[in-house]
Every structure is written in structure tokens, then in C-alpha cells.
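Enquirer: Just dropping this structure here.
The values are calculated or read from the model by the stated rules, or taken from the named source; none is laboratory data. Computed from a predicted model, the values in this text were never measured in an experiment. As a convention, Cβ positions derive from the backbone with ideal geometry for all residues, glycine included, and neighbour counts pool all protein chains shown.
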Amino acid sequence: MSERKSARDRLLDALVFVPVGLAVTAAEELPKLAAKGRQRVEGQVATARVVGQFAVQMGRREVQRRLERRHAPSSGAPDRAAGPPDTAPHGREPAPPAPEPVATQGATGVGDMPAERGDGPAGNGSARRAPQLAIPGYDTLSASQVVQRLDGLSPVELVAVRDHEASHRHRRTILHRVDQLLASSDGR
């Protein structure tokens, strides 16, 4: 009879106790498994989101850089930075170049005044030409790059920059800094 019991016990185990045990274990372990799966998937999704946002940002910068390069006036000066307009490679600001003199000392003794009138065909000075700014490549620079270069300019050069900026792009950051520097030069 002990052989029958063992066969019967095995049959009961296979048909009753194993399914009940699986159901109890599944009820206890399913929330833990779901939490573990959620944690892994959410971590990977967050990583993918960060990488995607970075790729989109870099793509926008590259498109902007190419558009600016295409629409920039040909000044004969080489392109200084291959990165976004506000930064050089590796996120550092490029060193500001030394300011070029606006005009050379002529026979009249007027040295730092930018030339505003050219000689027209009749030689009477009637043809207007744009002043040459003391900051090379001014129109291709960002506001932060221009502001860095303003400190070394004379009051006459600052006025020329302010007039040019006010008549073109009207960037408040530059106009405000020029006004500050002009006010401080008046108080010296």
C-alpha cells in the first residue's frame, strides 16, 4: 500500500499542490519582477532621452554654424572657430585679438577718428562710407564676444561701435556695455 500512496501523492503533487504553489509564488513575486523590469527599462529610456537631446542640440548648433558661415559677409578673414558662434572648440572662449587702429595719423593730426566721409567723384567728400570699426569681423561676432573686446577701445571707437550696433542689430547687451564704458570714461 505504500507504493499506491506514493503514486497517489505524486499525482496530487502534480495536479494540485504544484499549481497552487506556483500561483502563490507568482502572486508574491510578480510585483517584485515588475518593479525590477520597470527600473531597468526606465533607466535605459532616460539614458536614450539624454543622448537624443544631446544629438539634437549638437545638430542645431551645426546647422546654425553652417547657416552663419553661408550668410556671413566675406571679409577675407579666415573663420576663427569651428564650433558654435559663442564658443571655440572645447567650450572655451577664443582669445580676443588686439584691436586694430581705426585710422592712421594724417597731415591733419586727427588720429583716432574713423573716416566717415569719402571723397566722391568730384573730390568734395560727399559720398558717405561706413566707418571702419576697431573690432575686426565685428558683424560675425556674438554679443558676448563683442563685449569682451570693448574694454580696450577709445571713446571715439566706442561711439563708432554704438552707432553701428544701433543702426544694425541693436543688441542691448552691447549697447548697454558701451554706454557704461563711455560713462566711466567721462568721469576719469
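Enquirer: So is Asp163 among the acidic types (Asp, Glu) and farther than 16 Å from Ala134 by Cα or not?
Expert: When the stated conditions are applied, Asp163 does not pass them.
Enquirer: Just checking, which of Thr104, Thr140, Thr173 is hydroxyl-bearing (Ser, Thr, Tyr), at pLDDT below 85 and either closer than 30 Å to Arg70 by Cα or outside the structural domain of Arg61 (by TED's automatic domain parsing) (or both)?
Expert: The conditions single out Thr104.
Enquirer: Does segment 56-73 contain at least one residue that is at pLDDT 70 or above, within 29 Å of Pro136 (Cα to Cα), part of a helix (DSSP H, G or I) and touching a helix residue (DSSP H, G or I) at 6+ places or on another chain (Cβ under 8 Å)?
Expert: Yes; the residues of segment 56-73 include at least one that is at pLDDT 70 or above, within 29 Å of Pro136 (Cα to Cα), part of a helix (DSSP H, G or I) and touching a helix residue (DSSP H, G or I) at 6+ places or on another chain (Cβ under 8 Å).
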